[in-house]
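Asks: The structure's right below; bear with me while I get my questions together.
The values are calculated or read from the model by the stated rules, or taken from the named source; none is laboratory data. All figures in this text were calculated on a predicted structure; none of them were measured in a lab. So basically every Cβ, Gly included, is an ideal-geometry build from the backbone, and we count neighbours across all protein chains shown.
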Amino acid sequence: MEFIETLLNGLSIGSTYAIIALGYTMVYGIAKMLNFAHGDVIMVGGYMIFLTMANIGNPVLGLLIAVLFCVVLGVSIEKVAYKPLRGASPLAVLITAIGVSYLLQSTAQIIFGSAPKMVVVADLGNLTIGSLTVPYYMLITLGCSVVIMVALSLFVKYTKTGRAMIAVSEDKGAAQLMGINVNAIITITFAIGSGLAAFAGFFMLMKSPSLSNTLGAMPGIKAFTAAVIGGIGSIPGAMVGGILMGIVEAISLTIPAIAPYTDAIEFLVLIVILLVRPSGILGKVRREKV
Amino acid sequence: MANKLTKIKWKHYINYIAVAIVTIVFGSLAFAGALPSSALYLLEKIAISIILAVSLSMVVGFLGELSLGHAGFMCVGAYLGGKASALLEPMLRGVPAGKEIALVISLVIGGVVAALFGIIIGLPALRLKGDYLAIVTLAFGEIVRSVFMNTSTESFGGALGLSTPRYNKNFLFIIAFVLVLVCLAVTQNLIRSKHGRAITAIRDNEIAARATGINVTKYKLAVFTISSLFAGVAGVLYSYSNYNVQSAKFSYNYSIEILVMVVLGGMGSINGSIIAATLITYLDNTLQTVLTGDLAVLQDLLYALILIVIVIYNNAPALKNFRERFNLQALLKRKFDPNHQKDDEAKWDRVPTKIEMNEVLSVDVQPQMSTLDPDKKEGV
Amino acid sequence: MKSVFKKVLAVVLATVMLATFAACGGANSYTANNTEFVIGVSGPLTGAAAVYGVAVKNSAQMAIDEINEAGGLNGVKFKLEALDDVHDATKVAANYAAMLEGGMQVSLGTVTTAPGLEFTKLSVEDNVFFLTPSASGDKIPEFDNGFQMCFADGNQGKVAADYVNGLGLTEIGVFYKSDDPYSDGIYKQFKEALSSSIKVVETVFTGEASDFSTQINSLKDCKFIFMPIYYQPASVFMNQAKDIIAADAVYYGCDGFDGLAGQFEDFSVIPQEVSMLSHFDSNATDGAAADFVKKYTEKFGAETLNQFGASAYDCVYAIFNAMKAAIDAGETIDVTISASDLSEILKAQFTGDFTYSGVTGTDIKWQDNGYVEKGAVKYVLKNANGK
């Protein structure tokens, strides 16, 4: 029973990682950049939920406002900080992304103060089946994540915009020649990624009600790791990687001898997987040509 | 004789001379007791940053591989070197120049062990490319940090950190700058040698380099090892410039800070790395000590804004014309030397980056969803 | 462009640096131009631990404002210099040097232990007296110039273990932060002093983790959980555990628990009993503590109210009172007194019969080794629901 509970817990941690990793992986696939500020968009989403909860008190409305705000924020970050650098070295974009990350964190501290906020999104209680105790928030997180992942896969596969996204990620130049508006596609990708970040913020606050300006930093890095484990650029890869990370984390935390090393163990898993499969679990091995 | 002097490529030596002048000027000021502690501490930090930036610049700027784990190697050096100095200090007490002997031994231990870690991590990791290598180095750094964090109090101090002897602050920065010179000598001589050309060839086109008979693995591993060695040396210096080595310092954030120095300095420019390291360390220190009390929250905000503006100004394709118009070098040249021609040989430390990072970093998305023939899409 | 531009920049920079360095030469004359007594403190004003540093900065400022309004020390006012160290030991040296060269005469040390270890050794070089409100590491008052207003970690661990040994339990749970010197320091001493017949279920967390569901699952059968951690993660733990850990369990913490109640809109959502061993309770309804709580909340709001601030408030007053006592005893304390001279005077006071009564205790005394001697009280922050 305890093992099943740990496993479910791992699944819910993992699905949050997966949602964040999706944002990383899509932006990477299409804009070929590591968006280090992605984790901080989660934090901004969290503060939006906090503001709505404090003023209106409706978590669903909070989520909605957070998603909208994060979409606008993500698109504006892209326009102001990343778009001028299109065509420049990806490392330059990486550095501005880091700059944006610092900027968001310190702005949040200036506006909301240094004390972490308690945001109790909803008090849902537990589901008890026999000796199995599962908090409802876990089920909600899992359910929502599955819906999001399926919806996103269908979107990418069957809509015109989704197929355009694949085209841009395959070959920007050719896509442009085929009449795809590459700039618009990149904007849409940022919008989707940032919206997903707001969802991740909501899941994280449901699980643990503490909100500070560093909320997204470590989950961001872990989700990035998850995206790489799954094969960066691959949407199903991000899901697999996220879930794997979550389960490893949950199991490692239950074993006292290795619990303090949990972060290290997650990274070790990454190294081992990359040594066996250098492009991640679902990433394709790339052929090189001169 | 005069002829010989003009033949020397002064550009090759300008940074040695600059560093030496800084060392001598500040060194003599320190001897005269005219430097306050704040200046001494800042100089130590600047020297450490320069060593870190120059050594990382070898991997990122010359080899063309992204490493996000430089702080991890530094961490190894800091802990091992710090432990060695903490053990040696009481043993060598009373021995003439005992402190200096301890310093040299711990520098060697810290550097060599970090270099060994460079090999251990480099051997398997260098099979990986681009962002995959970057994330593995990041993971390595975090693992090292976590392991030292959880050591026992007796071995490496655990959560409380390792307590290390601090070296006399009036002299430590001189030693640090001498090590900067050593680091520069090793790096620049390597880069300007035929091996250096091989390394930049790997960066510009790995397959072509391999085809010309360059042993890519050997060179990659060598660069990675030398870079880790100097990161370890910087770590030992760090342990000597602090009373405590605490693993929390060596998180991925610190690796990124070093990377920022390298990128701002310009890829493949050692002088750029030196200047950027100095500027950033100085800026950081100034923001920290000037913005006190309620203003402290503005530190990160200002730092972030400065970072974003500089990177966009330096790199944005749209600002190319603007940059060229206000190009200081071009302006000076137009004024003083209309027939100036670039000396190609003098440019070995500033090989222009021809690398298409897009190509190096890209990995296919969703092959099974692709309707394109995978063979066609790459043969542009 | 870049290389020449940068060279010019480098030269300019070097000149500026040289100028700034040379401008403030001459050791130990830093206090010569002081017109106020300068108290320095280095703490996390930004970053994850900022709430503690901000509390100290606010409270110390509040105490200084009060002292200044009341006329200062024989007409001489005080000034607070609070620098940010982001809870990073590497930043302490620069802060310390900047404060010293800015005329600091006496210090509150650092807010947290990790940077404090650096501060301890730096300050002994120049013989700067410091009385830290909250850096509770056992090694902080290692030298004769360092004193603590808070209980040292080791002592807290020992006292807590004695208390637990007396309860007659067979099994307890422990939840601590293994990478935090405070938590780790208390727990190590606690474990040593704990009776070997008590079985311990140990769980840990590290870093900025904010999800403890796994640890809670391991602890769910424990009836007594010892949590030597700060209130912020503790509140998260309790919120997550409220339906999983038995309602008749007891959460027991140290002074870090203070501030817990402020984290909840309604503390009674936590069904378990919460108590702590501390020197200050921010829910105090009478006495000096209540006055402080009222004043602080009016000025800065309840969000950053915690024992760090209360302790800092006491530190400023203790230093002020000690200076006044020294003057009464015939010492001369001039506004331009050097840090080292003031240090000798204050050391004599603090190791002598000087006592202080304030927000965090009455008749507070200091041992010669710098540890504080005052009563630790078990505060029941919240009874179990239904009691």
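Asks: What are the pairs, 6+ residues apart or on separate chains, where a residue within segment C:125-136 that is surrounded by fewer than 24 Cβ atoms within 10 Å (Cβ to Cβ) has its Cβ under 9 Å from a residue that is among the hydroxyl-bearing types (Ser, Thr, Tyr)?
Replies: Here the result reads C:GLU125/B:SER37; C:ASP126/B:SER37; C:ASP126/C:TYR96; C:ASP126/C:SER340; C:ASP126/C:SER343; C:ASN127/C:SER340; C:ASN127/C:SER343, each pair linking segment C:125-136 to a residue that is among the hydroxyl-bearing types (Ser, Thr, Tyr).
Rundown of residues vs (1) closer than 21 Å to C:GLN156 by Cβ; (2) crowded, with 16+ Cβ neighbours inside 10 Å; (3) touching a helix residue (DSSP H, G or I) at 6+ places or on another chain (Cβ under 8 Å); (4) at pLDDT 85 or above, yes/no style:
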| position | (1), (2), (3), (4) |
| --- | --- |
| C:ASP248 | no, no, no, yes |
| C:TYR252 | yes, yes, yes, yes |
| C:LEU260 | yes, yes, yes, no |
| C:VAL269 | no, no, yes, no |
| C:MET276 | yes, yes, yes, yes |
| C:ASP281 | yes, yes, yes, no |
| C:ALA302 | no, no, yes, no |
| C:PHE308 | yes, yes, yes, yes |
| C:ALA312 | yes, yes, yes, yes |
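Asks: Here's another thing I want to ask about it. Of the numbered conditions (1) closer than 19 Å to C:ILE140 by Cα; (2) within 14 Å of chain B (Cβ to nearest Cβ), C:TYR176 satisfies every one except a single condition; which is it?
Replies: It fails just one condition, (1).
Asks: Is it true that some residue in segment C:221-228 is of a type in the set (Lys, Arg), within 14 Å of chain A (Cβ to nearest Cβ), touching a strand residue (DSSP E or B) at 6+ places or on another chain (Cβ under 8 Å) and more than 29 Å from C:VAL111 (Cβ to Cβ)?
Replies: The answer is no; no qualifying residue exists.
Asks: Wholly within segment C:60-155, which strands (runs of 3 or more DSSP E) include no fewer than the required count, namely at least 3 residues that are away from chain B (no Cβ under 12 Å) and within 20 Å of the chain's Cα centre (by Cα)?
Replies: By residue number, C:106-110, C:130-132, C:146-148.
Asks: Here is a follow-up. In a helix (DSSP H, G or I), under 13 Å from the mean Cα position of the chain (by Cα) and within 13 Å of chain C (Cβ to nearest Cβ): which single residue out of B:ILE48, B:ILE14 fits that description?
Replies: B:ILE48
Asks: Report the residue count in segment A:166-179 for those that are more than 9 Å from chain B (Cβ to nearest Cβ) and crowded, with 19+ Cβ neighbours inside 10 Å.
Replies: 2
Asks: In addition: So, of the residues in segment B:66-102 that are farther than 26 Å from B:ILE135 by Cα and outside any helix (DSSP H, G or I), which turns out to be modelled with the highest pLDDT?
Replies: B:LEU92
Every residue, every condition in (1) within 14 Å of chain A (Cβ to nearest Cβ); (2) over 25 Å from C:PRO181 (Cβ atoms); (3) part of a loop (DSSP other than H, G, I, E, B); (4) at pLDDT below 95, yes or no:
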position	(1), (2), (3), (4)
B:ILE226	no, yes, no, no
B:ALA231	no, yes, no, no
B:MET267	yes, yes, yes, yes
B:THR286	no, yes, no, yes
B:ALA304	yes, yes, no, yes
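Asks: Only one residue in C:ALA249, C:ALA241 is in contact with a Cys (Cβ under 8 Å, 6 or more places away or on another chain), in contact (Cβ under 8 Å) with a residue 12 or more places away in the chain and farther than 29 Å from C:LYS77 by Cβ. Which one?
Replies: Just one listed residue meets the conditions, C:ALA249.
Asks: When C:GLY207 is evaluated against the numbered criteria (1) within 27 Å of the chain's Cα centre (by Cα); (2) assigned to a helix (DSSP H, G or I); (3) among the small types (Gly, Ala, Ser), which criterion, by number, is the only one it fails?
Replies: Of (1) within 27 Å of the chain's Cα centre (by Cα); (2) assigned to a helix (DSSP H, G or I); (3) among the small types (Gly, Ala, Ser), only one is false for C:GLY207: (2).
Asks: Do any residues in segment B:278-300 that are more than 24 Å from A:ILE111 (Cβ to Cβ) have Cβ atoms under 9 Å from those of residues that are outside any helix (DSSP H, G or I), where the two are at least six apart or on different chains, and which pairs are they?
Replies: Matching pairs, first to second residue: B:THR289/C:LEU83; B:THR289/C:GLY102.
Asks: Shifting gears a bit: Go through segment A:109-137 and report how many residues are more than 8 Å from every other protein chain (Cβ to nearest Cβ) and under 22 Å from A:LEU8 (Cβ atoms).
Replies: Within segment A:109-137, residues that are more than 8 Å from every other protein chain (Cβ to nearest Cβ) and under 22 Å from A:LEU8 (Cβ atoms) number 12.
Asks: I would also like to ask the following. Anything in segment B:140-158 that is over 25 Å from B:LEU66 (Cβ atoms), more than 9 Å from chain A (Cβ to nearest Cβ) and part of a helix (DSSP H, G or I)? List them, or say none.
Replies: If the condition is that a residue be over 25 Å from B:LEU66 (Cβ atoms), more than 9 Å from chain A (Cβ to nearest Cβ) and part of a helix (DSSP H, G or I), then B:GLY158 is the only one that fits.
Asks: So, one more: Inside segment B:159-184, can you point out the residues that are within 8 Å of another protein chain (Cβ to nearest Cβ) and part of a helix (DSSP H, G or I)?
Replies: B:ALA159, B:LEU160
Asks: Also, quick follow-up: Looking for whichever is facing another protein chain (nearest Cβ under 10 Å) and either buried (at least 24 other Cβ atoms within 10 Å of the Cβ) or in contact with a Leu (Cβ under 6 Å, 6 or more places away or on another chain) (or both) here; the options are A:GLY241, A:GLY233, A:GLY246. Which one fits?
Replies: None of the other options fit; the residue is A:GLY233.
Asks: Hey, another quick one. Against the condition assigned by TED's automatic domain parsing to the domain that holds C:PHE257, at pLDDT 90 or above and more than 22 Å from C:GLN148 (Cα to Cα), how does C:VAL204 come out, does it pass?
Replies: no
Asks: If I ask for residues that are part of a helix (DSSP H, G or I) and of a type in the set (S, T, N, Q), which ones from segment A:103-122 would you list?
Replies: A:GLN105, A:SER106, A:THR107, A:GLN109
Asks: Regarding A:GLY143, is this residue among the small types (Gly, Ala, Ser), part of a helix (DSSP H, G or I), within 18 Å of the chain's Cα centre (by Cα) and over 23 Å from B:LEU138 (Cβ atoms)?
Replies: yes
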